[in-house]
Every structure is written in C-alpha cells, then in structure tokens.
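Visitor: Below are the structure tokens for one structure; questions will follow.
Throughout, read-outs are computed from the coordinates displayed, never taken from laboratory work. Keep in mind it's a predicted model, so treat the numbers as computed, not measured. Neighbour counts run over all protein chains shown; Cβ positions are idealised from the backbone, glycine included.
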Amino acid sequence: MGRRRGTASAGRGCARRRRRRGARQIAVDGAQDRPDDLAGGSAEETRLVAIRVCIAGAGGRMGQTMLEAVIAAPDLTLAGALEVPASPILGRDAGERSGHPTGVVISADIAAAVAGVDVLVDFTRPEGTLEHLGACARAGVAAVVGTTGLAEADKRALADFGNSIPIVFAPNMSVGVTVLLRLVDQAAKLLGAGYDVEIVEMHHRHKIDAPSGTALLLGDAAAKALGRDLRTDGVFGRDGVTGERKPGTIGFASVRGGDVVGDHSVIFAGAGERIELTHRAGSRLNFAQGALRAVRFVSAKRAAGAKGLFDMEDVLGLR
C-alpha cells in the first residue's frame with residue numbers, strides 16, 4: 001500500500017452538556033494524560049473544544065468498547081452512532097447498553113451521521129467501511145479504520161480516499177502490537193534466512209475472517225525484512241500430504257474458540273533453537289486506548305488541512 005505523508009444523531013447539544021459535567025472513567029488514554037496528542041493545543045483548549053466523534057458499528061464488540069471510551073474521554077464528544085439498517089438497536093440511545101445515556105441515537109443514515117463530526121471511527125466490515133469512507137470524503141470528515149478482512153482492491157480504495165481526507169488505518173491499534181511489529185522486523189533482519197517464520201493467531205469463536213489482519217501485518221513485516229513478498233511466499237494453512245516445508249515461506253495458522261480477544265505469536269525456528277515473540281490481548285480496552293490516540297492524531301491532521309493514509313507508527317511518532 002502506498003503511503004502519502006504528510007453516522008445521524010439527535011441531542012448532540014445534550015450530549016455535550018453531559019460531557020462537560022463529566023463521564024464515568026474507564027481505563028483508557030485520556031487527554032488529561034496526553035494533551036500533546038491533540039493538535040498541539042493546551043489541556044485547557046482541549047476541554048473547551050472537544051473532538052466530535054461518530055462510531056460506526058456501534059452494536060459490535062469493538063463498537064461498544066469505543067462508545068464507552070469516547071463517553072469517558074473528557075476531550076471527546078460522542079456526536080454520532082451508526083449501525084446497519086437491519087440492526088435491532090436502531091433508534092436506541094448509544095449509551096443505553098453501558099448504562100450511561102448520551103442523547104445520541106443509533107442511526108443507519110450514514111450521510112446524516114457524519115455531518116458535523118470531526119472523526120469517524122470504523123470497526124465494521126469491508127463493504128461497510130468503504131461506504132462510510134465515501135461519506136466521510138464528501139463531508140470532509142477524518143477517519144480511524146480498524147476493519148479487518150480487506151482485500152487488496154479494498155486497500156487500494158482506502159488509499160484513494162486518503163487523497164481527500166486524513167485516515168488512520170490499522171487492523172490492530174494496540175500499542176503493544178505496534179511495538180511487536182518493530183520487534184519482528186528487527187528479529188527477521190538479525191536472524192536472516194536460516195530461520196523459518198511461522199505465525200499462529202487465536203481469536204474468539206465469532207471472528208469471521210482468517211488469518212487475522214494483525215497476523216497478516218506481522219507476516220508482512222517479516223517478509224519485507226527478509227526481502228520477500230507475502231503474496232507469493234505466504235502459506236495459509238496446511239492440510240493433507242504437503243511435503244517438506246518450502247524454504248523462504250511464511251506460514252500461518254488460525255485458531256478459533258471461546259472468547260479469546262486476540263493472541264498472536266511469531267515463531268522464528270532455527271536449527272537447535274526457537275525464538276517466539278508473542279502478544280496476548282486480555283481486553284479490548286487495549287485497542288480502544290490506541291484508537292483514542294489515533295482519533296486525536298487524525299483530528300489534528302484534519303485541523304491542519306493534511307490528507308493521507310497513516311498507521312499506528314505515525315500515531316505513536318515512531319517514524
């Protein structure tokens with residue numbers, strides 16, 4: 001993917017008043033801890049000008065986590081919540097399930113939902129994400145995308161939207177996974193072709209795509225470090241009589257079961273030794289923490305008139 005540097009709700013006013021009165025605190029990165037994450041403004045400016053956020057996929061697991069995170073963050077205002085037209089929660093208050101009503105009603109009207117917001121956060125499905133990004137591009141709204149399962153054509157379309165608006169795209173927004181990507185790159189370069197690379201990932205029984213977007217990111221990091229192409233050197237699952245392992249390939253194994261949030265291991269297997277780099281997510285709050293940082297980052301880019309496609313390394317200032 002080339003790099004370029006640098007949904008509707010009623011009662012927004014009511015939601016803002018609730019935000020000013022304070023919201024329940026949960027374990028997320030708040031602007032009170034990181035004022036520099038916001039467009040270079042002071043903490044006082046952050047409190048006076050909240051970032052207006054719309055959550056797409058508000059009824060999903062990650063959507064619910066993001067709703068709670070945004071409601072709790074003092075520098076953010078929940079200004080919209082989107083779901084598909086067939087969703088049973090349409091018309092309900094976005095904070096109902098968490099016990100903290102917001103005055104924001106869950107809607108299926110994409111254009112109305114992004115009108116008047118600063119940032120759309122999207123953890124949905126590829127077809128929905130592209131539709132949402134189209135609306136964002138027309139409205140000049142920045143986006144944070146954590147959708148997985150995107151095909152190459154989808155990624156190209158996403159990159160094209162980056163010509164119009166700033167977008168942070170990261171299949172995994174955990175700070176720990178971002179660090180893991182760096183470690184995989186370094187390990188692959190240091191160990192070289194003499195070590196076989198295998199990636200094992202496990203997720204809950206409801207996950208619909210495999211391998212996970214994070215596993216693919218890890219595989220791509222190893223492939224690039226070794227001068228390989230994951231599109232030709234990736235081996236996705238093995239079955240039957242496969243013969244010996246082909247040198248230079250990068251293998252993937254996907255496990256599904258229970259309520260596992262996400263486990264990823266990158267194995268470098270050599271003669272007489274094995275190195276394993278592992279990240280285990282015990283809660284979706286890890287992803288929410290990273291996503292909030294991405295929201296602040298991309299909002300600042302929008303305010304500065306910047307466009308482009310960014311990732312978590314950009315958000316964390318690692319490049």
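Visitor: Using +1 at the C-beta of Lys and Arg and -1 at the C-beta of Asp and Glu, which of 214, 204, 279 has the Cα lying farthest in the positive direction of the dipole of region 175-281?
Guide: 214
Visitor: In debye, nearest 20: dipole of region 175-281 around its Cα centre with unit charges on the Cβ of K, R (+) and D, E (-)?
Guide: Dipole size: approximately 100 debye.
Visitor: About the Cα centre of region 97-236, what is the dipole size in debye to 20, counting +1 per Lys and Arg Cβ and -1 per Asp and Glu Cβ, all else neutral?
Guide: The calculation lands at about 200 debye.
Visitor: Region 195-253 to region 75-132: how many Å between their Cα centroids?
Guide: That distance is 34 Å.
Visitor: What ratio of Cα Rg to 2.2 N^0.38 Å holds for region 73-170?
Guide: With N residues counted in region 73-170, Rg over 2.2 N^0.38 Å equals 1.09.
Visitor: Which one, 255, 186, 235, is farthest towards the positive end of the dipole of region 175-281 when Lys and Arg carry +1 and Asp and Glu -1 on their Cβ?
Guide: Highest projection toward the positive end goes to 186.
Visitor: Which aspartates and glutamates have a Cα less than 13 Å from the Cα of residue 224, not counting those fewer than 8 places away in the same chain?
Guide: 185, 233
Visitor: Can you give me the relative contact order of region 175-281 as a percent, contacts being Cα pairs under 8 Å and 6 or more apart?
Guide: Details: 180 pairs, mean separation 42.7, N = 107.
Rounded, it is 40 percent for region 175-281.
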